[in-house]
Amino acid sequence: MSSASNRDPASRKASLKRLLFWRLLAVQSVVLIAVIAVLFASGHLFDFNSTDSTIETLRGAVVREPGGGWRLAETDGLRALRRDRDFWFTARDRDGRQVTEGQVPPEYDGVGAALDRVGQARLGWNIGDPDRPVARMRWAHTAAGRLQFVTGTSSATSPYLMLLGVSLILIKLVLPILAVMALGALVATPLVVRRSLAGVERAACEAHAIDSARRGSRLTATDVPAEVAPLVLAVNGALGRLDEGYERQERFLVDAAHELRTPIAILNARIAALPHSGIRDHLMEDTTRLVVLTEQMLDVQRLHQGARAFVAIDLVALSRRVALDMGPLAFAAGYEVRFEAQCAAAFVRGDAMALERALTNLVQNAIDHGGRRGTITLTVGPGFAEVGDEGPGIPVELRAHIFAPFFKQRANGRGAGLGLNLVSDVMRMHDGDVVLVERAIGIAFRLMLPAVPASAGV
C-alpha cells in the first residue's frame, strides 16, 4: 500500500484557498474576456473598417511594368474600393512617380513629399475639430518596391488584419490584466480566507480539545460565517445530546452499583458460612470480583462527577494492605504471594479508595489468569505499583484491546471484561497510566502515577 493512501483523508481534500483562487481567477477571466469581446465587437477596440485595410488592398494591386515603372492593376479589391464615392488615395515612390485617384482633400494634397522620412502617420485626428478629414500615411512593400500610400478611405478589414488585431489585444491588453488580477487574487485570497474563517479555526481547536471526561463543552459560534454557523450549531446540539446520554448512563451505572451492593454482601456472607472446599474458594473469588467491580464502578462515577478530594497517599502502605487483604484468596487459589517494596515510602496524590481498588483489581486479574500456579508478585516503588504473575500471558495480537470495555481473551472466560477498563479510567483521572510489562515468565500490569515529595505525606 502506498504512503499516500495512509495519509489523513482530510489532507487529500482540496484547499479552500486554492479553490477560491482558481475559481475567482476563472470568473474574473470570463468577465474580462466577455468585456473585451463586447468592446471588440462594438468597434471600440478594433476598427472593422480601416484605412490600413485600404492601403493593404492598394499595395496588393501594384504591379511593376517592364520599363521599370509601376502601375495599379484592376483587382477585385480595387474595383470594390472605387464603388465608394469618397474613395481617394495617392501612391508615390521615392523618385517622385505618383498615382492619384479620387478627390484628395486640400489638406493632404502634396503632403506625402513632406513625410518621406516618416514611416507611418495618422493625419487629421483632432478631438476639438471633428469636421477635419482624416487620413492615413504609410510606407509599404509592394511588387514595385517601397511605396508611400496616403488615403482617407476606410474599407472592410481582412481576416489577416482581424487575426493580427485580436492577437495584439490579447498580448497587450488581456494577458497583462489577467496577470495583475492573478497576482491580486493570490495575495488577497489567503488574507480573506484567514480573516473570514478565523471563527471556524477557533471552533476546530475547541472541537479537538473535547474529551469524554470534560462534559458541557460547546463550540463558539461567534465570528463564524453565516454559511458555516448551522454546522456549528448542529455540532453543539449533538454534543448536548451526547452529554445527556452520558449522564443517563452514569446515573444508571451508579444506581445499578448501589443496588448490587446489598445482594452481593448477603451472597458473600452466605458463601463464607459454607464448609471449606474447592467450590467455596471459587465462589469466594467470584464474589470478591463482584465486590471489587461494583465498588470500582462507583469510584469511577464518583471521580467523573468531580468529587476528587485527592490527598497524599503512601503507595507502599496501600500496596502492602492490598497484599494482606488479597493474600488469603491467592493462597486458596494455589498461588504464593510476594510483596517487594523498593523504598520505605512512595507518595502520590490521589483518591485512596479508588487506587486501592484498582490495585486489588489487578491482583484479582492475576488470580483469574495466572494459571493457578507460581507466584503473584506485588512490587512498589517511587510513582508505581506493579502486579505480576507467572501465567501464560496475553497473545501479542490481543494486547492492543485489553483495556477496551467488555473485552475478554476468551468468549467463555470469567468476568465481564470491565476490570482493566475501569483501572484505566481511574488512572487517567489521576493523570497516570496502566501499562503491560513484559517479564521473563508471565506478565505484569504497572500502575504509574506522578510522584510527590515525601514531605507531602507529613
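Those residues that are closer than 19 Å to GLY388 by Cα, small (Gly, Ala, Ser) and not in a strand (DSSP E or B), I need them from the stretch 308-345; list them, please.
Hits for the stretch 308-345 are ALA317, SER319, ALA323, GLY327, ALA330, ALA332, ALA333, GLY334.
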Single match in LEU170, LEU178 (criterion: of a type outside the set (Asp, Glu), in contact with a Ser or Thr (Cβ under 7 Å, 6 or more places away or on another chain) and more than 28 Å from TRP88 (Cα to Cα)): LEU178
With the stretch 124-240 as the region, which helices (runs of 4 or more DSSP H) entirely inside it contain at least 3 residues that are surrounded by 13 or more Cβ atoms within 10 Å (Cβ to Cβ), in the same structural domain as LEU58 (by TED's automatic domain parsing) and in contact with a strand residue (DSSP E or B) (Cβ under 6 Å, 6 or more places away or on another chain)? none
Among residues belonging to the stretch 37-87 that are among the hydroxyl-bearing types (Ser, Thr, Tyr) and not in a strand (DSSP E or B), point out the one that is farthest from ARG97 (Cα to Cα). SER42
Within the stretch 309-350, tally of residues that are touching a helix residue (DSSP H, G or I) at 6+ places or on another chain (Cβ under 7 Å) and modelled with pLDDT under 85: 0
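The values are calculated or read from the model by the stated rules, or taken from the named source; none is laboratory data. No experiment lies behind these values; they were computed from the predicted model shown. Cβ sites come from the backbone with ideal geometry, for glycine too, and all protein chains shown count toward neighbours.
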